[in-house]
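Quick notes on the structure that follows.
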There are 2 protein chains.
Amino acid sequence: MDALAALKTRRSVRAYRTDPVSPSIIEDIVDCGRLAATARNIQPWEFVVVTHAVTRKKLADMIDTGRFIAEAPVCIVVFCRDVKYYLEDGSAAIQNILLAAHAHGLGSCWVAGDKKPYCAAVAQMLNAPPDQKLIGLVAIGRPAKPASVPPKRALQEVLHRERF
Amino acid sequence: MDALAALKTRRSVRAYRTDPVSPSIIEDIVDCGRLAATARNIQPWEFVVVTHAVTRKKLADMIDTGRFIAEAPVCIVVFCRDVKYYLEDGSAAIQNILLAAHAHGLGSCWVAGDKKPYCAAVAQMLNAPPDQKLIGLVAIGRPAKPASVPPKRALQEVLHRERF
């Protein structure tokens, strides 16, 4: 897939087929995540690839949105060490993961982590060390139906020239 | 450029040629930024495209890293409205901008905004409304020399299977 097309056509997918994704594709997606921009090259991220159905069901039960994590065959849970720019770095890595999944013909959806009441429960269930902060959970799999296209603010509304 | 190749080969560029970037390419890069993932589809972002040399010099003088903003022909300053996930959304948009620049054969570098002491000064200089938070400043232009390739943590170090 062309890079610019990938950037423009990625959409959040919230309904998944349950058939598995090959391990080599999952690894390639995480590979793209670890190569995101990172302040001071600290790379504070860790990626937990959850495919076991029981674990995904437990995660889905824990969180208030993203019930589809129980259906999607893969959930990549992204943590970062608690450094100054942990949230910027972790978010950049997740955006890369979403794009890599899309480039592989898969759907994905970013479920929020940071600031959510279930952070500690997710971290504990996945045996995360105490210095790890949950950035988000990314569901990945084949879309069960075409992704919806929500309305987007127009380019000329968000683009300002030289100043506001 | 292939999407997966773009995700894996983007690097931070800190030395730029001063020749300008065409307005249509700049618009296309911002277009990719505005189509990043965004919590609840709020799209809290605003993109200020700064090309005037005097303004870029003032920005470069204001900030503690990113002196190259004075040389690179374009600086896209990214702000977000102060919503719950402003930093996740703004960071995802910046990652898209970096990738779009790379796909257009341009170099880029993300200079931190949020949490920096110069946030208020940058916002004031660019006439930002009071509810806008500075996410970062992205220098864009043709690389003056090949980007360095900093050491990266190996895939098998950052990838965890089912749990830590």
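Rule-based calculations on the coordinates, nothing more; no lab input. Everything quoted here is computed from the prediction, not taken from an experiment. So basically every Cβ, Gly included, is an ideal-geometry build from the backbone, and we count neighbours across all protein chains shown.
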Legend entry - Net charge of neighbours whose Cβ lies under 15 Å from the Cβ of A:P129, counting Lys and Arg as +1 and Asp and Glu as -1: -1
Legend entry - Directionally averaged shadow of segment B:119-164, computed from the convex hull of its alpha-carbon atoms, nm²: 7.2
Inset, instruction - Output, in nm with one decimal and in ascending order, the distances from the A:A15 label point to the matching label points of the other copies (7 Å from Cα along Cα-to-Cβ). - result: 5.4
Legend entry - R0 of 30 Å, Cβ-Cβ distance B:A15-B:I42: FRET efficiency to nearest 0.05: 0.25
Legend entry - Inter-copy spacing of A:T65 label points, which lie 7 Å from Cα along Cα→Cβ, given in nm from shortest upward: 3.0
Inset, instruction - Using the Cα centre as the reference, give the magnitude of the dipole from point charges on the C-beta atoms of the protein assembly as shown (Lys, Arg: +1; Asp, Glu: -1; all else neutral), rounded to the nearest 20 debye. - result: 80
Inset, instruction - State which helices in chain B qualify, where a helix is a whole DSSP H run, it must extend 15 Å or more along its own axis by its Cα atoms, and its mean Kyte-Doolittle hydropathy must be at least 0.5. - result: B:86-103
Legend entry - Summed side-chain charge close to B:E157 - residues other than B:E157 whose Cβ falls under 10 Å, Lys, Arg +1, Asp, Glu -1: +2
Inset, instruction - Can you tell me the dipole magnitude for chain B around its Cα centre, using point charges on the Cβ only (Lys, Arg +1; Asp, Glu -1), in Debye to the nearest 20? - result: 520
Inset, instruction - Could you estimate the translational diffusion coefficient of segment A:90-131 from the Stokes-Einstein equation, with Rh from the Kirkwood formula over C-alpha pairs, at 20 °C and 1.002 mPa s, in whole µm²/s? - result: 179
Legend entry - Test item: B:30-36 mean partner chain Cβ contacts at 10 Å: 6
Legend entry - Largest-first principal axis extents, alpha carbons of the protein assembly as shown, Å: 59, 40, 36
Legend entry - Percent of Cα-Cα distances greater than 24 Å, calculated over chain B: 36
Legend entry - Packing-based ranking, highest mean first, of A:33-41, B:124-132 given that Cβ atoms within 10 Å are counted: A:33-41, B:124-132
Inset, instruction - Take every DSSP beta bridge whose two residues both sit in the protein assembly as shown, then give the antiparallel share in percent to the nearest 5. - result: 85
Inset, instruction - List the distances, in nm to one decimal, from the label point of A:P151 to the label points of the same position in every other copy, shortest first, placing each label point 7 Å from Cα along the Cα-to-Cβ direction. - result: 5.2
Inset, instruction - Could you pull out the pairs from A:K133/B:K84; A:K84/B:K116; A:K8/A:K115 whose alpha carbons sit more than 19 Å apart here? - result: A:K8/A:K115
